[in-house]
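Enquirer: One structure coming up, written as structure tokens, with questions to follow.
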Amino acid sequence: VQLQAYGGGLVQAGDSLGLSCVASGRTFRQFHMGWFRQAPGKEREFVAGINRSSGVTRYADSVKGRFTVSRDNTKNTVYLQMNDLKPEDTAVYYCAVTQIVWSHVHITDYYTNWGQGTQVTVSS
């Protein structure tokens, strides 16, 4: 499966921004989807994940209550709505797929296919 992310940009602190990620192929429903981010000089970190069938979600503590992940299996698309953005949210955001058990969805190494990344910059 190939992934293409859209929607990054430059915003001010407190603003909202939505990302989307479109997957190619017919197997989208087989994958849990994850959003990750990587800031300069830092390791890639888990942001949010959504279960392939139940729609159950999981978030990093740093974004809980501000970010919402969703998916539309009919459109092979996963979304990340980011509200109340902060300068520390500045990073390149990636979408990715995994078939690992749900309890491990936050672990980067279990993701097999990655989108190209989209830059999100939040100014103070």
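The values are calculated or read from the model by the stated rules, or taken from the named source; none is laboratory data. Just so it is clear, the model here is predicted, and its values are computed rather than measured. Cβ atoms come from the backbone with ideal geometry, glycine included; neighbour counts cover every protein chain shown. Ligands, DNA and RNA are stripped out before the accessible areas are found, and what is left, the full protein with its side chains, is counted by its heavy atoms. Shrake-Rupley method; radii C 1.70, N 1.55, O 1.52, S 1.80 Å.
Enquirer: Within 10 Å, count the other beta carbons around each residue, average over each peptide in 41-47, 91-97, and list them highest first.
Expert: Sorting 41-47, 91-97 by mean packing, highest first, produces 91-97, 41-47.
Enquirer: Net charge near W35, counting Lys/Arg +1 and Asp/Glu -1 over other residues with Cβ under 14 Å of its Cβ?
Expert: Working: positive: R37, R44, R58, K64, R66, R71; negative: E45, D89.
With Lys, Arg at +1 and Asp, Glu at -1, the neighbours total +4.
Enquirer: Given a cut-off of under 8 Å on Cα pairs at least six residues apart, what relative contact order in percent is computed for the chain? Walk me through the numbers before you get to the answer.
Expert: Values: 308 pairs, mean separation 44.4, N = 124.
Across the chain, relative contact order equals 36 percent.
Enquirer: With a 1.4 Å probe and every protein chain left in place, work out the accessible area per residue of segment 76-124 in Å², rounded to a whole number.
Expert: 45 Å²
Enquirer: With labels modelled as points extended 7 Å from the Cα through the Cβ direction, what inter-label distance (nm, one decimal) is found for V101 paired with S53?
Expert: 1.6 nm
Enquirer: Still on this model: For segment 10-101, how big is the tail of P(r) above 21 Å, as a whole percent of Cα pairs?
Expert: Tail of P(r) above 21 Å: 29 percent of Cα pairs.
Enquirer: Carbon-plus-sulfur fraction of the accessible area of the chain, 1.4 Å probe, in percent?
Expert: So the carbon and sulfur contribution to the accessible surface is 46 percent.
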